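Below: one structure, written as structure tokens.
The values are calculated or read from the model by the stated rules, or taken from the named source; none is laboratory data. Given the structure is predicted, the values throughout are model-derived calculations rather than measurements. Cβ sites come from the backbone with ideal geometry, for glycine too, and all protein chains shown count toward neighbours.
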Amino acid sequence: MAVTFPTLTKDKPPRVLVVEDHTPTRLAMTKLIRQAGAEVTSARDGEEALGYLLAQRFDILLTDLRMPVMDGFELVQQCMKLPESHRPPRVIAISGEYEAGVLSGQPVQFMPKPFDLQTLLTMIGGKPN
């Protein structure tokens, strides 16, 4: 059974930046989100992701919170400081160690790990934060 975005428009697939330090998880998420119809770029940590955000335009930033070099918390803070032209309209944080409350007051959606793929795709295909 194919997994797809519930609200994905056919004319323009979403551009998603996946930031995850655990290689098997990053590769699996990238593959599955791409198979669902998105354009996907992946990064190993927040520092690498910030470089992509400065160079390209993404519709969605999907980031793990706990990573080496620059974690997801700092990445979200840096992302919010970017000019609007480089700031993704949607930010989704994922974590197996933290709960949604750690992002209180920030325009970020949260999904705990392990997550259900269809729930994640529904969140990606949903409305901006």
- Item | Residues of region 26-47 classified as in a helix (DSSP H, G or I) and in contact (Cβ under 8 Å) with a residue 12 or more places away in the chain, total | 9
- Task: Report yes if some residue within region 60-75 is under 16 Å from GLY125 (Cα atoms), touching a residue at least 24 places away in the same chain (Cβ under 8 Å) and assigned to a loop (DSSP other than H, G, I, E, B); otherwise report no.
- Result: no
- Restricting the search to region 24-41, which residues are over 18 Å from TYR52 (Cα atoms) and surrounded by fewer than 17 Cβ atoms within 10 Å (Cβ to Cβ)? PRO24, THR25, ALA28, LYS31, LEU32, GLN35
- Task: Test GLY51 against the stated conditions and say whether it is at pLDDT 90 or above and loosely packed, with under 15 Cβ neighbours inside 10 Å.
- Result: yes
- Message: Looking at region 112-127, can you tell me whether even one residue there is surrounded by 18 or more Cβ atoms within 10 Å (Cβ to Cβ), at pLDDT 85 or above and assigned to a helix (DSSP H, G or I)?
- Response: no
- Filter pass, VAL91 being modelled with pLDDT of 90 or more and either of a type in the set (Ser, Thr, Tyr) or touching a helix residue (DSSP H, G or I) at 6+ places or on another chain (Cβ under 8 Å) (or both): yes
